[in-house]
Amino acid sequence: MGELPSQLKLRDGRVIKFPAIMGVLNVTPDSFSDGGRYLDPERAVARGLEMEAAGADIIDVGGESTRPIGAREVPLEVELERILPVLAKLGANLRVPISIDTRRSAVARAALDSGASIINDITALTGDLEMARLAAKERCAVVLMHMRGSAQDHVRFARYRDVVREVVQYLGERAQSAIAAGIAKSRIIVDPGLGFAKNADHNLKLLDNLPELCALGFPVLIGASRKRFVRRIAGDSAAELEYGSAAVNAIAIARGASIVRVHEPAIALATVKMAAALSGRGGRYRHHA
């Protein structure tokens with residue numbers, strides 16, 4: 001594995017040092033893990049600040065569920081109604097950067113105007129043709145995720161001849177397309193999309209071969225927290241889900257991932273610190289012999 005990216009510089013000059021933790025803030029009634037818990041804007045803002053205090057380097061705000069079964073498309077105006085009150089207060093109070101988890105350019109534009117600096121797009125800029133132009137114009141960072149089908153039906157597209165080769169090839173192509181659209185290479189992050197049109201075996205193969213994705217030269221984001229394959233392997237109690245997710249995050253960091261997307265940043269922080277130290281990537285975390 002070649003030299004891994006050490007940081008991401010955002011348009012406002014802030015720097016995210018790797019490995020980093022992205023905290024999940026779902027302002028939805030139906031997300032698979034915490035749907036409805038933070039639909040109230042005041043609770044969502046409090047949770048965002050709590051995750052920052054617990055060690056999150058990025059807060060990822062989303063107003064539309066992409067759970068694998070039963071997700072429904074949300075009207076644009078509803079997605080905006082969910083996120084804008086939260087972003088308005090978070091943008092004024094958070095020190096860490098905000099990411100907007102959306103596939104719509106109108107939502108991304110509103111979020112960027114409210115202080116977000118990263119677009120996390122599960123369609124890798126293919127769902128809305130205006131998204132790439134917006135990201136280039138605003139000089140924001142982008143997360144390009146691999147998925148087949150849509151947020152509502154991706155489960156039935158989990159068929160591959162060689163999942164690692166196909167995911168790496170797709171993300172390489174999407175990254176080059178983003179660069180061609182004017183997005184700086186230094187602001188592109190790739191995500192293999194664990195659980196999106198992938199079964200447990202696919203997810204494990206991608207994790208096992210993570211250095212192949214890292215070899216593209218972009219920071220890699222891994223989102224395994226509380227996902228179905230973790231539940232099936234580790235167990236579905238709250239503790240088993242957190243321990244199982246932590247194990248995936250530790251292995252991902254050791255194999256080259258730059259960002260882990262999690263529901264519990266405090267647990268992830270301990271995991272990332274240990275995995276980074278063991279893999280020789282502990283520079284940003286001081287430790288004593």
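The values are calculated or read from the model by the stated rules, or taken from the named source; none is laboratory data. All of these numbers come straight from a predicted model, not from anything done at the bench. With ideal geometry, Cβ positions are generated from the backbone for all residues, glycine too; neighbour counts draw on all protein chains shown.
Key figures for this structure:
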read-out: Residue within the stretch 189-200 that is in a loop (DSSP other than H, G, I, E, B), on the phi > 0 side of the Ramachandran plot, touching a helix residue (DSSP H, G or I) at 6+ places or on another chain (Cβ under 7 Å) and of a type in the set (A, V, I, L, M, F, W, C) present; value: yes
read-out: Unique residue being assigned to a helix (DSSP H, G or I), aliphatic (A, V, I, L, M) and surrounded by 22 or more Cβ atoms within 10 Å (Cβ to Cβ) when the list is ALA178, ALA136; value: ALA178
read-out: Of the criteria (1) within 30 Å of ASP12 (Cα to Cα); (2) at pLDDT below 95, which one ASP113 fails; value: (2)
read-out: Residue among LEU171, LEU207, LEU213 that is part of a helix (DSSP H, G or I), under 16 Å from the mean Cα position of the chain (by Cα) and over 19 Å from ILE251 (Cβ atoms); value: LEU171
read-out: Residue list for the stretch 104-143, filter: touching a residue at least 60 places away in the same chain (Cβ under 8 Å) and out of contact with any Ser or Thr (no Cβ under 8 Å at 6 or more places or on another chain); value: GLU138, ARG139
read-out: Residue check, ALA178 within 19 Å of the chain's Cα centre (by Cα) and closer than 20 Å to MET131 by Cβ; value: yes
read-out: Condition check for VAL155: modelled with pLDDT of 95 or more and part of a helix (DSSP H, G or I); value: no
read-out: Some residue of the stretch 104-114 being in a loop (DSSP other than H, G, I, E, B) and touching an Asp or Glu at 6+ places or on another chain (Cβ under 6 Å); value: yes
read-out: Residues satisfying the stated conditions in the stretch 5-32, i.e. modelled with pLDDT under 85 and surrounded by 15 or more Cβ atoms within 10 Å (Cβ to Cβ); value: THR28, ASP30, SER31, PHE32
read-out: ARG148 being part of a loop (DSSP other than H, G, I, E, B), touching a helix residue (DSSP H, G or I) at 6+ places or on another chain (Cβ under 6 Å) and of a type in the set (Lys, Arg); value: yes
read-out: Matching residues in the stretch 181-201 - criterion: being surrounded by 15 or more Cβ atoms within 10 Å (Cβ to Cβ), closer than 21 Å to SER258 by Cβ and over 17 Å from the mean Cα position of the chain (by Cα); value: ILE183, ALA184
read-out: Among residues of the stretch 33-72, those that are at pLDDT 95 or above and within 17 Å of the chain's Cα centre (by Cα), counted; value: 10
read-out: Residue within the stretch 226-245 that is closer than 16 Å to LEU4 by Cβ and either at pLDDT 95 or above or within 15 Å of the chain's Cα centre (by Cα) (or both) present; value: no
